[in-house]
1. Looking at the stretch C:253-262, is at least one residue within 14 Å of chain A (Cβ to nearest Cβ), farther than 21 Å from residue A:214 by Cβ and touching a strand residue (DSSP E or B) at 6+ places or on another chain (Cβ under 8 Å)?
2. Collect the residues in the stretch C:114-149 that are more than 26 Å from residue C:246 (Cβ to Cβ) and over 14 Å from the mean Cα position of the chain (by Cα), keeping them in residue-number order.
3. In this structure, is residue A:17 in contact (Cβ under 8 Å) with a residue 60 or more places away in the chain, within 14 Å of chain D (Cβ to nearest Cβ) and touching a helix residue (DSSP H, G or I) at 6+ places or on another chain (Cβ under 7 Å)?
4. Any residue that is farther than 16 Å from residue A:149 by Cα, in a loop (DSSP other than H, G, I, E, B) and free of Cβ contacts under 8 Å to residues at least 24 places away in the same chain - is there at least one of those in the stretch A:256-263?
5. Condition (residue is outside any helix (DSSP H, G or I), facing chain A (nearest Cβ under 10 Å) and in contact with a strand residue (DSSP E or B) (Cβ under 6 Å, 6 or more places away or on another chain)) applied to the stretch C:242-249: is it met by at least one residue?
6. Restricting attention to the stretch B:225-241, report how many residues are within 11 Å of chain D (Cβ to nearest Cβ), crowded, with 19+ Cβ neighbours inside 10 Å and either more than 23 Å from the chain's Cα centre (by Cα) or assigned to a loop (DSSP other than H, G, I, E, B) (or both).
7. How many residues are within 14 Å of chain C (Cβ to nearest Cβ) and within 19 Å of the chain's Cα centre (by Cα) if we restrict to the stretch A:202-224?
8. Has the stretch B:76-90 got any residue that is touching a residue at least 60 places away in the same chain (Cβ under 8 Å) and either surrounded by 22 or more Cβ atoms within 10 Å (Cβ to Cβ) or touching a helix residue (DSSP H, G or I) at 6+ places or on another chain (Cβ under 9 Å) (or both)?
């Protein structure tokens, strides 16, 4: 059994990890660290786990675990790793944005590999340290990677992506206040969202030239999921686009091409990314949908863990969609 | 024109008062006091008012206004009134629960009248100080008053009432966090909600005996409105019940008896209370619905103001329902 | 008093018209025609009106009314007008898309003027027949008209607009089934929505050249409102853009420029359109928000009626926002 | 492998069964029958299954399957079974209300056992035909069974239970229209809901006397889940009540007693029932929450299948809660 430690277990991504690991056939949760909830039962924060665990949050760390998940706020993973010396065998999967960009990927004696399995499966299998991608970054890269691979992102790409409230985390804020957010729509950080760095880096690694992206992130009045539309000029026909995507994702168990138009809820509470292609005149519209907490965070982290340990990629991730 | 001052104008009930007063034909907003927003435009907190006002919140108080609305947290109205001496002509309408119960109604040299027009219209007309009823208390009293008047609340009354999130105010809290509350239902304070005091007091004033109430308040996953069901033993038939309600509310412009079953949204964003009667065997089920921020707070406060100043009761309250 | 007839009064736009007209100081509803509800009380379809009207739907038409509102499905207005001969004084405001395009505007002996007051106020004042604009078309035109007027829509314009479910009307459909739509997001008619015709026609009338628009309409999981983002290249700075919009909307009582970022709910249940300008590098982002049933339909129809009859443009439209 | 047939596979409960069975380690879906979708891919109705199955709905029935699930509208199961002769080894689990009541349980040569494992586990293990309980009936029985077992339901029991929209199924209706239901609350069938029959039958089997129940079912503005409150007079203290429940559910893997107050979402998308006990004066309040489509329908059907085939009760039902 893989012994697992979770740092930051009382938040949303930490909670999702526990939900997944508790049913994973090859893992055993060694400890769940939380400074705010130490000593209290895990079920006090994650009430759905009643009857499934009677463990408590701790404020101590076992540095000998086989794998460590860091579920800390952005900027805090580095600070945490500076405090502890983990065993040489300990693999680390970081869910923050601390190590995602190339110039952040080297830290202490550790090299972090960008954990997007659809792009770097082999590197992940051979890695010890993983920088787990951002949620918007996952949805958008999966929508664009096949085009970048074919060198076809030569014109502006226009992206609108709407996210559920869990993307903003467990912290209270005016834009996650129910009375404000219910039935409301708004944007934030137009054209400047921090995930553009990851996205641009990946696309450039495939296409060897900068891609010009206009990205409008929006706050939706739902809890889970990201629904992204991306369009750009594309000279080929729909069949050619389809062939590119089918080929690129031939070995990707969680990324599905849908001939039918997609809606957000068909991926909620799964680790799937569904992609739909639509051609209008000389514009290709790519729509992608993921669960921001799963394929966009904790599910993908488990997928990376599976790859790190030589397990089937889908182990513990065959989830029942909520759907309704 | 009636000069109006609002204390606590950046919260929900304060905002609703501004929305109503700005279109009221006989009022003029003199000042809107807010310690947290003083100096900032009112539209920074209430963005819908863009183009309708360019006033700012203040931290000074004009003690000569004709009417003062207190929109402070419970317990803070007394403290506020101890700091200021208002003109002898100033009428005061308090939206907190500080003065609603008989033993709280006398404060300084002021006598507060309980501001439920359906019960105390004459007293309100002659009053200077009004304790505006609570939201649950309004919905529940309007459902039960005609029975109490007829002395028919002799058996247990069972009440379930579900409220929108705005009932919890603008303050951030875990139960008003969107990710928690969306699609969720929960109860709080079963059988002990603080509004039971007001309710019991009014019913007893009519019926001259204690009424035994079982009240389950619930948190709904919507923003506005209260939907209450109340049932008790009733020996008469539906026509007799209907006659009691029609008679009791004959002069109440905002309380309507619906022969058809009611749903919450038919009163949202209005000052109406809709009531439906249903008889099953020897049980009478009374359903009532109000907008918690209007008939349950700021709308009723304006209704009381109209009565205090001899205006038509509906002035400034002929509102378009949101309905959808 | 202006005598009003409504054709198609049991649907959403018909209902909103009744809600507005019932409180309008200069109108009197003469009849509300509905083939499906004829003979039944208006409150059976629009329960919020309980106590405000006890009229019934009719299946007869008074051809002598002063103004007639047509709230029929697209394509049905022409058919209806072919059946009846209205008085020579009867003004007609059609809410369908039957007469909006120039080549549809001439019908029988009637000339329909496109009823967007921000663009054609003088023509509307002198008109007898009005083609009321579409909801998306209103939100998008108001976002773009000042740029078109200045001849600045020379590059591609990228638009994403998300609409509430009431935009789809009262008819039952799988994409308006609650279990499907709640917490869901999806698009429809990408780049080909039928409102592009109206939009292009208006923009071209100002700028004298075709505008290239990429329009992605989306279905949101809320009931009321349209939230639109539109961006294009703009060489000037934000102050120059602001000056264009301020100047263009100087006489528009319902179109407000917001210095602060806007969110959808600040216009819901009002006739307002709020616009926010944001500049990033050489891109100008224009965000607009309206209530699809009011400024996007019935509210604008009343605004047009006011203009037709020489009344103040805002008469009967000073509405309390729902806001929460 | 257990060969499974599903009748009525394009609806909600059929879809949930497919979602569960596709990951169940001991089952193989033999056919999914749907008259409306025959010939079309299962993913056309259940888009989340993209990549997980490429089977199609059929209009033919394999009468040799090991287990058959009937997901037909109430009243249609009998009609269906009259048309087909199934193999003598075929077990049948019916999700309608056709066979739940004692006087319906005998049909043709078949005896249906009421499939509530918490009450009839041994009988289910030995049965061939199962009448799967109703959703409200499950939530309410699980809240009351321990009290009935102890003979303590001697006074009136007052129940309020609110259900998600999926309880009304895939059929379009005015009360499941998004524009109506979003942000709305309403009741239906007060005191007369058809599940009262099942509930009363079970309680009486334990307590040997009629139980007087007042049941108010409500429609909530969410998709999944039932949240029920039930209270009655109870002379003992909270510890005594807790002991009764702990004892009764000692062997029930899906029914958990929560010391902390519960909210609906902690069980959504799981097969769990969470129960909370609260004592106020001499009233015991029992709150229960289930997912109406899982523990209230398809999940419980799988639980019954597991029991019928001697599998661990939780096989294939260790589900990740949606939680948010």
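1. The answer is yes; a qualifying residue exists.
2. Hits for the stretch C:114-149 are C:126, C:127, C:128, C:129.
3. yes
4. Yes, that holds for at least one residue.
5. Just the residues of the stretch C:242-249 that are outside any helix (DSSP H, G or I), to begin with: C:249.
Next, from what is left, pick out any that are facing chain A (nearest Cβ under 10 Å): none.
Among the residues of the stretch C:242-249, not one is outside any helix (DSSP H, G or I), facing chain A (nearest Cβ under 10 Å) and in contact with a strand residue (DSSP E or B) (Cβ under 6 Å, 6 or more places away or on another chain), which makes the answer no.
6. Selection size over the stretch B:225-241: 2.
7. Count: 9.
8. There is no residue in the stretch B:76-90 that is touching a residue at least 60 places away in the same chain (Cβ under 8 Å) and either surrounded by 22 or more Cβ atoms within 10 Å (Cβ to Cβ) or touching a helix residue (DSSP H, G or I) at 6+ places or on another chain (Cβ under 9 Å) (or both).
The values are calculated or read from the model by the stated rules, or taken from the named source; none is laboratory data. From a predicted model like this one, the values you see are computed outputs, not experimental measurements. Neighbour counts run over all protein chains shown; Cβ positions are idealised from the backbone, glycine included.
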